[in-house]
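Rule-based calculations on the coordinates, nothing more; no lab input. Since the structure is predicted, the reported quantities are computational estimates derived from the model, not experimental observations. Every residue, glycine among them, receives a Cβ derived from its backbone with ideal geometry; neighbour counts consider all protein chains shown.
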Amino acid sequence: MSNVDSLDTIVSLAKSRGFIFQSSEIYGGLSAVYDYGPLGVELKRNIRNAWWKDMTQRHENIVGVDAAVFMHPKVWEASGHVGGFNDPMIDDKQSKKRYRADMLIEEYILQLEKDGKKEKADEIQKLLVTSGTRKSLTEDLYDIIIENEIKAPDSGAFDWTEVRQFNLMFKTAFGATSSEDDGVYLRPETAQGIFVNYKNILDTCRVSVPFGVAQTGKAFRNEVVARQFVFRMREFEQMEMQYFVEPGTDSNAYTTWKKKRLSWHKSIGIREENLRFSDHSKDKLAHYALAAVDVQYKFPIGWQEVEGIHNRSDFDLTQHQKFSGKKLDYFDQKNNKRYVPYVIETSIGLDRCTLMVLCDAYRKEEVNGEKRTVLKIHPELAPIQVGVFPLVKKPGLQELARKIEAELIEDYAVRYDETGSIGKRYRRLDEAGTPFCITVDFDTIETDNKVTIRHRDDMSQQRIPVDRVAYAIKEGMEDWKPS
Ligand code: ATP
């Protein structure tokens, strides 16, 4: 179970502890755009590093690229984004609020189910998945909304515009003399940067099929529904890997990557019961996909996609061959055959993943009559991994605490803190998700040369010799399990 009853809990913790802020807040904020504060940037970087390490360091046949955000406009024609990267939207004339027509209907179906009207819910669900087969997609969605008198969630009005398609790509002027016609798009996904570099990588990096290319980077989508914190943003970061395989071996590779990706989510500490696969039924497959599955997490807003795993067939390379006029096939020397590889894609949103980590780690607990908020983040991902405290501000204690800090700082993110009571310092670092705290006290310097190590998750404390501190932390990191 998620320990968070509402997304607002995470939003306010994220803000008060310096994980995530609204963009341009002093000017009233910019909708669906967020900035990461000091703790957030560390957490996000650690998640990115964990993903990168898993992809590139642990797979000798996966290499990385870092493609630019701007790409030739033809890329987006070839990929299908210019023609097809649309969301159907509808406006409430009274509140002037805009909604995604399909999501409005999905919410209505959920409500019907909650109200025990299963038959009606099924009937509308059927109409929804076959939208586009009666008239056009927009007309079919409009008809469902009107015939069922679906009201605007915010105003309660039933006063809709037509449903229109809304392209999600941002376009911008490019170069000093540019006009609207030769503008470029901000990339809506990082994947295309991999496809257009496929030939460069083949020609220069001694890779052979099967091989993968990994990339992390910003993507931009002018999302219509954008009120779900970092779950749905207009500027976000993706971590994508495209795995090039011989046609015919794609199904196996798809199954393997499904397994690998689910275990990665567990390896970063996400509890198994909060993760599941959601297979896309045939009627919901994207235009490029032969098979697709989502890794979903049980967010406070319900089960939602964190990652997509897709069998993209040879769609992208074939399209780029067609639009660029360049050959993008592969020559298999060993078997003396030529083919355009199929692609298995794993695509995860870094911000959504960060939100998942925060939701899964969040606990509000009462221990021995004391309340605390704690983030039980995987120690490897924690923005601050070790707190080092002198019990009081006394030179002998401060000196030794600083010495321990200096020893640990090369391997861990350490925070020295000497202000407030020890209890307060523990609470502060519990909320930051710090797994270990080391306290130097008078016994340390006067009698036993031992310090107290306090564990975040169960609040247990032990005395350990000063020269065992680094070892105890290493051991604690390795032995950690989600609880
Ligand atoms: P959704 O159905 O939620 O809009 P999608 O199917 O369009 O997502 P993909 O195009 O498969 O998403 O992108 C891969 C991943 O990128 C998603 O699983 C998600 O984690 C992330 N992602 C996509 N859109 C956004 C967004 N607007 N804000 C944050 N992350 C996003």
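Remark: the stretch 353-483 projects, on average over all directions, an area of 7.8 nm² (convex hull of Cα atoms). Coupling constants for the stretch 112-128 follow from the phi torsions by the Karplus curve (6.51 cos²θ - 1.76 cosθ + 1.60, θ = phi - 60°), and in residue order they are 4, 4, 4, 7, x, 9, 4, 4, 5, 4, 5, 4, 6, 4, 4, 4, 5 Hz; glycine and proline get x.
Distance between the pseudo-spin-label points of LYS371 and GLU272 (7 Å out from Cα toward the beta carbon): 3.4 nm.
Using 0.36 nm per residue and subtracting the Cα-Cα separation, the extra length available between ASN3 and LYS93 on full extension is 28.6 nm.
Helix 469-479 and the longest principal axis of the Cα set of the chain meet at an angle near 40°.
Sorting 464-476, 204-216 by average packing, meaning the other beta carbons within 10 Å per residue, from highest down gives 204-216, 464-476.
Note on the stretch 90-167: Kirkwood hydrodynamic radius from all Cα pairs is 12.7 Å, rounded to one decimal.
Take peptides 245-256, 387-398 and line them up by average Cβ neighbours within 10 Å, highest first, as a rough protection proxy.
Ranking the peptides 245-256, 387-398 by packing returns 387-398, 245-256.
Distance between the pseudo-spin-label points of CYS205 and GLU113 (7 Å out from Cα toward the beta carbon): 4.1 nm. Legend: calculated FRET efficiency, LYS474 to GLU446, from the Cβ-Cβ distance at R0 = 30 Å, rounded to 0.05, equals 0.60. Amide H contacts under 5 Å for GLU237: ALA219, LEU350, ASP351, restricted to partners 5 or more places along the chain or on a different chain, H placed in the peptide plane at 1.01 Å from N. Taking the empirical scaling 2.2 N^0.38 Å for compact globular proteins as reference, the chain has a Cα radius of gyration ratio of 1.13.
Residue-wise HN-Hα couplings along the stretch 40-51, as the Karplus relation 6.51 cos²θ - 1.76 cosθ + 1.60 with θ = phi - 60° gives them from phi, are x, 5, 5, 4, 5, 4, 5, 5, 4, 4, 5, 5 Hz; Gly and Pro carry x.
Here the Debye sum runs over all C-alpha atoms of the stretch 123-271 as equal scatterers in vacuum, and log10 of I(q)/I(0) at q = 0.10, 0.11, 0.17 Å⁻¹ comes out as -0.66, -0.79, -1.19. The long axis of helix 315-324 is offset from the longest Cα principal axis of the chain by roughly 70 degrees.
Calculated mean residue ellipticity, 222 nm, the chain: -10000 deg cm²/dmol, from DSSP H runs (n ≥ 4) at -39500 (n - 2.57) each, averaged per residue and rounded to 500.
MET103 label point, 7 Å along Cα→Cβ, cut-off 16 Å on backbone N: hits in the stretch 19-33? The answer is 31-33, whose backbone nitrogens lie closer than 16 Å to the label point. The value given for the stretch 327-426 is a Kirkwood hydrodynamic radius of 18.4 Å, derived from the mean inverse Cα-Cα separation.
Bridging of LYS266 to lysines at a Cα separation below 18 Å is possible for LYS44, LYS53, LYS258, LYS298, LYS376, LYS481, once same-chain residues fewer than 8 apart are set aside.
What pairs from LYS97/LYS151; LYS97/LYS118; LYS93/LYS114 go past 18 Å between their alpha carbons? Distance filter (> 18 Å) returns LYS97/LYS118; LYS93/LYS114.
Each residue, GLU235 and ASN252, gets one label point 7 Å from its Cα in the Cβ direction; the gap between the two is 4.4 nm. What is the stretch 424-471 by shape, rounded, prolate or oblate, if you read a ≥ b ≥ c off the alpha carbon gyration tensor as root eigenvalues and call it rounded for a/c under 1.5, prolate for a/b larger than b/c, and oblate otherwise? Verdict is prolate for the stretch 424-471. Considering only TYR342, CYS437, TYR254, and ranking their Cα positions along the charge dipole of the chain that arises from unit charges at the beta-carbon of Lys, Arg, Asp and Glu, the one farthest toward the positive end is CYS437.
What FRET efficiency do you get for ASP159 and SER136 if R0 is 22 Å and r is their Cβ-Cβ distance, rounded to the nearest 0.05?
Efficiency for this residue pair is about 0.50.
Seen against the Cα atoms of the chain and their longest principal axis, helix 422-432 is set at about 20 degrees.
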